[in-house]
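FYI, it's all coordinate maths here, none of it is from the lab. Quantities reported herein were computed from a predicted structural model and do not represent experimental measurements. Please note: Cβ atoms are built from the backbone with ideal geometry, for glycine as well, and neighbour counts cover all protein chains shown.
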Amino acid sequence: MKKYEGLFILNTAGKEEGVKEIVDKISREIIALGGRVETVQKMDRRPFARVTNKRISAGFYVNIILECQPSAVAQLRSRFALNEDIYRLVFTEASAPVAVAANAPAETLIANPI
């Protein structure tokens with residue numbers, strides 16, 4: 001199983017209190033395909049820089065870190081494309097956190113010294 005990060009933009013027009021239910025539906029879909037949800041980060045409602053649809057000018061952003069099989073990501077995309085509560089979504093492969101030694105000199109921590 002690989003770790004992925006999914007950024008969801010939810011269509012919450014007129015449904016401000018329904019964000020938790022939408023996130024729960026997304027989590028159930030991931031679990032139904034054999035995945036595991038690690039973290040759910042609800043960000044905030046933000047206006048779009050470019051409005052493509054005059055009825056939807058803002059969306060609620062949710063970041064979900066999950067583990068699943070690589071084949072399940074395509075299935076999740078197709079399932080969520082049919083969901084009218086999800087305006088946009090992007091899946092990326094989550095990178096592993098970089099471990100830094102506690103006793104390493106400061107010069108080794110700088111990527112591009114001047």
For segment 1-42, what log10 I(q)/I(0) values come out of the Debye formula at q = 0.27 1/Å, with one point per alpha carbon and no solvent? -1.07
Using 0.36 nm times the number of residues separating E21 and E67, minus their current alpha carbon distance, what extension gain do you get? 14.5 nm
Under 20 °C and 1.002 mPa s, how fast does segment 46-98 diffuse according to Stokes-Einstein, given a Kirkwood radius computed over C-alpha pairs? Answer in µm²/s, whole number. 160
So, in nm, how far is label Q75 from label R55 when the simple model puts each one 7 Å beyond its Cα toward the Cβ? 3.1
Leaving out same-chain residues fewer than 8 places away, which lysines sit with a Cα under 22 Å from that of K54? K15
